Amino acid sequence: MQAKVVIVGSINMDLVTRAPRLPRAGETLAGYSFVTVPGGKGANQAVAAARLGASVAMIGCVGDDDYGDRLRAALLVEGIDCDAIISVAGESTGVALIVVDDNSQNAIVIVAGGNGHVSSAVVDSFDALLSQAKVIICQLEVPMATVGHVLKRGRELGKIVILNPAPVSAPLPADWYALIDYLIPNESEATLLTGLPVDSVTTAEVAMGALLASGASKIIVTLGAQGVLFATRTHVQHFPAPQVRAVDTTAAGDTFVGGFAAALAQGKSESEAIQFGQFAAALSVTRAGAQPSIPTLGDVQEFQS
Ligand code: RIB
């Protein structure tokens, strides 16, 4: 089966603690619980796209350790093509240290490990996968040079190219914007990309204007419970969020991106794909953890009906 959605990105083991609140600098806080959960923005988006109906392949790297084996197995169970996931000898698998507080907010520290080995050469060795894709997705937990390379190749091949600029610490290289079909930041990422405050539909629209002026063509800012804002050079549309009770927002953005991509790969319109991604993300926040929280197609169809 040819993969319609190809993800080039990170694969992490998430080390997750629940605590009453996020710790302050220098503070030691007692947590309630600790679990290890499959995660990584790239892998989460791959799992979301697969559970939500797409045929998916992932290009990435893990270490030659137990976490790497467990994470590969978790992706295989989802029916994801893992032939382009390399185990790097002598390297550790990427990890994310996550604290989730009583308000279901999180703070995350990542250590790249194997993700740092996802080079342009690795991607080139799996060019056949990119060639057969309909949608290609990148995030920023693998080297920036590799992401730029994939965006360029995706554009050359005429694919639908999605960049979820997460995590981001500075504006993107200016020449990337012309290579991306859909730029999907959250509020804080939109702020970091533009230097403008983004915490509402109104402020998101201003920041999206700046991104459009920088050369972006289609932007979707995810605003959590405030929904998403979609903007092109000629059109702005707000999509309110389905109302749910959140217990953990980890991987909500990844679920949106994977669901959006899966719907586009199946020929849905942009509006349909955005709404589908929103329902999937809304369900994900009602459950704990990254990959365990991602709903199936059946879950979303039931929720939407
Ligand atoms: O987006 C959530 C993900 O961010 C977590 O699964 C963690 O691995 C970090 O990459």
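Numbers at a glance
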read-out	value
Residue selected from segment 173-217 under the condition over 21 Å from GLY277 (Cα atoms) and touching a residue at least 40 places away in the same chain (Cβ under 8 Å), by the criterion surrounded by the fewest Cβ atoms within 10 Å (Cβ to Cβ)	ALA174
Among the candidates GLY31, GLY42, GLY26, residue that is surrounded by fewer than 24 Cβ atoms within 10 Å (Cβ to Cβ), touching a residue at least 24 places away in the same chain (Cβ under 8 Å) and among the small types (Gly, Ala, Ser)	GLY31
Residue that is nearest to ASP65 (Cα to Cα), among those in segment 76-93 that are open to solvent by less than 80 Å² (accessible area, probe 1.4 Å) and β-branched (Val, Ile, Thr)	THR93
Lone unmet requirement of (1) more than 16 Å from the ligand (Cβ to nearest atom); (2) open to solvent by 40 Å² or more (accessible area, probe 1.4 Å); (3) in contact (Cβ under 8 Å) with a residue 12 or more places away in the chain for PHE239	(2)
Given (1) touching a residue at least 40 places away in the same chain (Cβ under 8 Å); (2) part of a helix (DSSP H, G or I), index of the condition ALA246 fails	(2)
Count of residues meeting criterion [part of a loop (DSSP other than H, G, I, E, B) and within 13 Å of the ligand (Cβ to nearest atom)] in segment 112-131	1
Criterion violated by GLU272 - all others in (1) of a type in the set (D, E, K, R); (2) at pLDDT below 95; (3) part of a helix (DSSP H, G or I) satisfied	(2)
Matching strands (runs of 3 or more DSSP E) fully within segment 1-111 where at least 1 residues are under 30 Å from PHE303 (Cα atoms), more than 16 Å from the ligand (Cβ to nearest atom) and aliphatic (A, V, I, L, M)	5-8, 56-63
Residue, nearest to GLY79 (Cα to Cα), within segment 7-23, restricted to residues that are surrounded by fewer than 24 Cβ atoms within 10 Å (Cβ to Cβ) and in contact with a Leu (Cβ under 7 Å, 6 or more places away or on another chain)	LEU15
Meets criteria (more than 18 Å from the chain's Cα centre (by Cα) and farther than 15 Å from PHE260 by Cα) for ALA207	yes
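Each row is one residue, and each column tells you yes or no for (1) outside any loop (DSSP other than H, G, I, E, B); (2) within 19 Å of the chain's Cα centre (by Cα); (3) over 27 Å from GLN132 (Cα atoms).
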site: LEU229; (1), (2), (3): yes, yes, yes
site: ALA241; (1), (2), (3): no, yes, yes
site: ASP254; (1), (2), (3): yes, yes, no
site: GLY259; (1), (2), (3): yes, yes, no
site: LEU264; (1), (2), (3): yes, yes, no
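The values are calculated or read from the model by the stated rules, or taken from the named source; none is laboratory data. None of these values were measured; they are calculated from a predicted model. Because the Cβ atoms are built from the backbone with ideal geometry, glycine has one as well, and the counts that use them run over all protein chains shown. Areas reflect the complete protein model, heavy atoms only, side chains present, ligands, DNA and RNA absent. Shrake-Rupley method; radii C 1.70, N 1.55, O 1.52, S 1.80 Å.
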